[in-house]
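The values are calculated or read from the model by the stated rules, or taken from the named source; none is laboratory data. Nothing here was measured: the structure is a model prediction, and the numbers come from that model. Because the Cβ atoms are built from the backbone with ideal geometry, glycine has one as well, and the counts that use them run over all protein chains shown. Note: accessible area is taken over every heavy atom of the protein model, side chains too, but ligands, DNA and RNA are not part of it. Shrake-Rupley method; radii C 1.70, N 1.55, O 1.52, S 1.80 Å.
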Amino acid sequence: MDIVERFINYTKINTTTNKANGANGIMPSNPAEMELAKLLESELKALGLKDVKRRENSITTAVLPSNLSYKVPTIAFFAHMDTSLEQSNDTKAKITKYEGGDICLNEELGIYLKKSEFSELENYIGDEIITTDGTSLLGADDKAAIASIINAMQFFAQNPDIKHGDVVVCFVPDEEQGLLGAKALDISEIGADFGYCLDCCGIGELIYENWNAGDAAVTFKGVSAHPMNAKGKLVNSLLLAHKFISMLPNGEAPEYTDGKEGYFWVKELAGNSAKTVLKLDVREFDEKKYEQRMQFLQDLAGACAKLWGDGRVEIKLNDRYKNVYNYLNNDNAPAIKTVKKAFANLGIIPDIKPMRGGYDGAVISQKGVPCPNFFTGAHNFHSIYEYLPVKSLRASSEVVKEIVKLTALK
C-alpha cells in the first residue's frame, strides 16, 4: 500500500480524543482509537513483524527483528492515535495538485487555505497537498506519523536483504490530553536504547528540547459575612487570590515570552468570597530554573499564609513532564547524532527548534528511552487549515528508513 493511501485510510477513522472520558481514567478515551489500533495490529501482522501486541488500553507495539549477526542498539519509533478536540467532525481528506495561490477547501462555505495567511505554501508549488474540506482537522497530527512508520516497516519487510537491527514500533492513545498514553506505557516492554517520536511539523523540523512543565493549585480560604455587618469580619478569598497574582513577576507570562523564556500562566480562577482556587502552569526549559519557579510559588504561598493567617493559603505543586534534553544531556547523544546524519544523507536541512509545549517523548525519555522528535511534514496542527505536502510525508518515512539503516552499521 502506498503511504498516501495508507494515511488517508487512517484519517477516515475519527479518533478525536474525549476529554471527559480521559479525565475519568477511560483509555482509550474514544473507542475509535481502539478501532484504529485493531487496524494497525492487522497491518503489522500482515507485514510479518513479530511480537505484535494490542493492549486493552489500545497501546499497540510490534518488533521488526534484527537480521544482523552482531549487536547494535535497539531503536523505537512512537506516534499517537488520537486527534485534537478542537474539531470533532469526520475528516474528508482530498488531494490537490498545488500550482500556487489559494487552495479552495470548501467552495460552498467559502473556506480557503490562503497563501497570504500561510506563506510557506510557496515552498510546495508543484507538490500534491492533502487537505480537508474545511470542516475538520486533517489528523496528520499524528496519523501522518503512523503512516510514515508503517510505510518504513513495509519497506524493510519487502527488502529483507537490507540490514537492520531490532526496531520497535509503538502507537499510543490520548496524547492530546496530557500525554496520557505515554504515561500509561510500560517502558520495559519497549526495550530500546533510544527512540524517536514523529510529532512535529514541516519538513526538516527537529526537536530535542521542550518544557519542564508543572502546575500549581493555590487555595485561598476567606471568611464570609453579610455586607451589612462585614466590617472587621469579612475576609474575601477572591481578593486574596488577586493579591497573590499581583506578586507574580511582571512580564513572565505566555503573552510576553517566546523562545526559551519561561513563564507563570494564570490559567484558571474560580470561587467566591469564602473560598477561591487559583490554577497556574509553570514552564521553563532549564531544569534548575524550573525548580526555582516552583520554589518561588511555594515560598510566596508560605509568606502569604504568614501575612494573612494560618490556613488562609494552601498550595499543591505537581510536576507534569520534563525536558527531553535532560536525558540526552548533549548534542552528541546517539539519538541526536543519528537523526542529524539521516537528515544529511537525505539532503534535508535541519530546522532545530525548542518546543514550547510537550510531546510523548518527554514522558518516554523520563522513563528511560531518550526520544527526540522529528517532522511528519504537516502544517497547522489543530486547525481546519491543517495540510500535508505529499513529498514531505514521504521524506518523513525516508528519515525513519535511514535511521534504521544507520543504526545497523558496525
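For region 1-87, what relative contact order do you get, as a whole percent, if you take Cα pairs closer than 8 Å and at least 6 residues apart? If you can, show how the numbers build up before the last one.
Numbers: 82 pairs, mean separation 25.4, N = 87.
RCO, region 1-87: 29 percent.
Can you sort Glu33, Glu128 by solvent-accessible area, 1.4 Å probe, largest first? Intermediate values should be presented prior to the final figure.
Values: Glu33 0, Glu128 80 Å².
From most exposed to least exposed: Glu128, Glu33.
What is the angle, in °, between the Cα long axis of helix 31-46 and the longest principal axis of the Cα atoms in the chain? Nearest 10 is fine, range 0 to 90.
That works out to roughly 30 degrees.
Say R0 is 51 Å: what FRET efficiency, to the nearest 0.05, do Lys94 and Leu269 get from their beta-carbon distance?
Details: r = 43 Å, r/R0 = 0.85.
Here the calculated transfer efficiency is 0.75.
Could you give the angle, 0 to 90 degrees to the nearest 10, between helix 334-345's Cα long axis and the longest principal axis of the Cα atoms of the chain?
The answer is roughly 50 degrees.
Provide the per residue accessible area, probe 1.4 Å, for the chain, rounded to a whole number of square angstrom.
On the way: 18000 Å² over 410 residues.
The answer is 44 Å² per residue.
Once phi is turned into θ = phi - 60°, what whole-Hz ³J(HN,Hα) does the Karplus curve with 6.51, -1.76 and 1.60 give for every residue of region 240-255, x standing for Gly and Pro?
Along region 240-255, the couplings run 4, 4, 5, 5, 4, 4, 5, 8, 6, x, 5, x, 9, 9, x, 6 Hz.
Starting from the Cα gyration tensor of the chain, take the square roots of the eigenvalues, sort them a ≥ b ≥ c, and report rounded, prolate or oblate (rounded when a/c is under 1.5, otherwise prolate if a/b is larger than b/c, else oblate). Please list the in-between numbers first.
On the way: a/c = 2.09, a/b = 1.68, b/c = 1.24.
Prolate is the answer for the chain, as a/c is 1.5 or above and a/b outweighs b/c.
Within the accessible area of the chain, what % is carbon and sulfur when the probe is 1.4 Å and the other protein chains stay in place? Provide the component values of the computation, followed by the final result.
Values: 8740 of 18000 Å².
On the chain, the fraction of accessible area on carbon and sulfur atoms equals 49 percent.
Pairs of alpha-carbon atoms within less than 8 angstrom and 6+ residues apart define the contacts here; what relative contact order does region 289-410 have, in percent?
Details: 82 pairs, mean separation 27.4, N = 122.
So the answer I get is 22 percent.
With +1 on the Cβ of every Lys and Arg and -1 on the Cβ of every Asp and Glu, and nothing else charged, how large is the dipole of region 158-273 about its Cα centre, in debye rounded to the nearest 20? Working shown, then result.
Values: 8 positive and 17 negative charges, 266 e Å.
In total the dipole reaches around 1280 debye.
Dipole of region 162-302 (Lys/Arg Cβ +1, Asp/Glu Cβ -1, origin at the Cα centre): which of Val282, Gly232, Gly195 lies farthest to the positive side?
Gly232
Each residue of region 323-330 in turn: what ³J(HN,Hα) in whole Hz from Karplus with 6.51, -1.76, 1.60 and θ = phi - 60°, glycine and Pro shown as x?
Calculated HN-Hα couplings, in order: 6, 3, 4, 4, 9, 8, 6, 7 Hz.
Can you classify region 118-199 as rounded, prolate or oblate using the Cα gyration tensor, where a ≥ b ≥ c are the square roots of its eigenvalues, rounded means a/c under 1.5, and otherwise it's prolate if a/b beats b/c and oblate if not? Display every interim value, and only then the final one.
Working: a/c = 2.66, a/b = 1.31, b/c = 2.03.
Cα axes put region 118-199 in the oblate bin.
Quick one: which residues, 5 or more positions from Ala76 or on another chain, have an amide H under 5 Å from its amide H? H modelled 1.01 Å from N in the peptide plane, none for Pro or chain starts.
Val168, Phe194, Gly195, Tyr196
Using a simple charge model, +1 on the beta-carbon of Lys and Arg, -1 on the beta-carbon of Asp and Glu, nothing else, what dipole does region 243-336 show about its Cα centre, in debye to the nearest 20? Numbers along the way, then the final one.
Details: 14 positive and 15 negative charges, 84 e Å.
I would put it at about 400 debye.
Cross-link candidates for Lys233: which lysines have Cα within less than 26 Å, leaving aside residues fewer than 8 places away along the same chain?
Within the straight-line cut-off, Lys233 pairs with Lys221, Lys243, Lys275, Lys306.
Which of rounded, prolate or oblate describes region 5-149 when judged by the alpha-carbon gyration tensor and an a/c cut-off of 1.5? Don't skip to the answer; put the middle values down first.
On the way: a/c = 2.63, a/b = 1.48, b/c = 1.78.
In terms of gyration-tensor shape, oblate.
Treat every Asp and Glu Cβ in the chain as -1 and every Lys and Arg Cβ as +1, leave all other atoms uncharged, and give the resulting dipole magnitude about the Cα centre to the nearest 20 debye. Numbers along the way, then the final one.
Values: 46 positive and 55 negative charges, 260 e Å.
For the chain, the charge dipole is close to 1240 debye.
Compute the helix-to-body angle for 287-308: its Cα long axis versus the longest principal axis of the chain, expressed 0 to 90° and rounded to tens.
20
On a 29 Å Cα-Cα criterion, which of the cross-link pairs Lys337/Lys367; Lys94/Lys405; Lys94/Lys267; Lys92/Lys267; Lys12/Lys391; Lys115/Lys289 come out too long?
Details: Lys337/Lys367 21 Å; Lys94/Lys405 33 Å; Lys94/Lys267 37 Å; Lys92/Lys267 34 Å; Lys12/Lys391 21 Å; Lys115/Lys289 40 Å.
Long pairs (Cα-Cα over 29 Å): Lys94/Lys405; Lys94/Lys267; Lys92/Lys267; Lys115/Lys289.
My understanding is that a pair violates if its Cα-Cα distance is over 18 Å; which of Lys143/Lys341; Lys50/Lys340; Lys163/Lys401; Lys38/Lys163; Lys340/Lys401 do that in this structure? Walk me through the numbers on the way to the answer.
Values: Lys143/Lys341 25 Å; Lys50/Lys340 29 Å; Lys163/Lys401 11 Å; Lys38/Lys163 29 Å; Lys340/Lys401 13 Å.
Checking Cα-Cα distances, Lys143/Lys341; Lys50/Lys340; Lys38/Lys163 exceed 18 Å.
Using the Karplus curve 6.51 cos²θ - 1.76 cosθ + 1.60 with θ = phi - 60°, what ³J(HN,Hα) values do you get for each residue of region 76-92, in whole Hz, with x for Gly and Pro?
Once rounded to whole Hz, the list reads 9, 10, 10, 8, 10, 9, 7, 10, 5, 8, 4, 9, 10, 5, 5, 8, 10.
If contacts are Cα pairs under 8 angstrom and at least 6 residues apart, what is the relative contact order of the chain in percent? The partial results should precede the final answer.
Values: 885 pairs, mean separation 94.3, N = 410.
Normalised by residue count, the contact order of the chain is 23 percent.
Antiparallel as a % of all DSSP beta bridges within the chain, to the nearest 5?
On the way: 47 of 64 bridges.
Taking every DSSP beta bridge with both residues in the chain, the antiparallel ones total about 75 percent.
As I understand it, the dipole of region 1-84 uses +1 on the Cβ of Lys and Arg and -1 on the Cβ of Asp and Glu, about the Cα centre. Which of Thr60, Tyr70, Phe7 lies farthest toward its positive end?
The residue sitting most towards the positive pole is Tyr70.
In whole Å, largest first, what are the principal axis extents of the Cα atoms in region 57-133?
Extents along the principal axes, in whole Å: 57, 33, 18.
Can you find, among Gln87, Val167, Leu179, the residue farthest towards the positive end of the dipole of region 63-205? Put +1 on the C-beta of Lys and Arg, -1 on that of Asp and Glu.
Of Gln87, Val167, Leu179, it is Val167.
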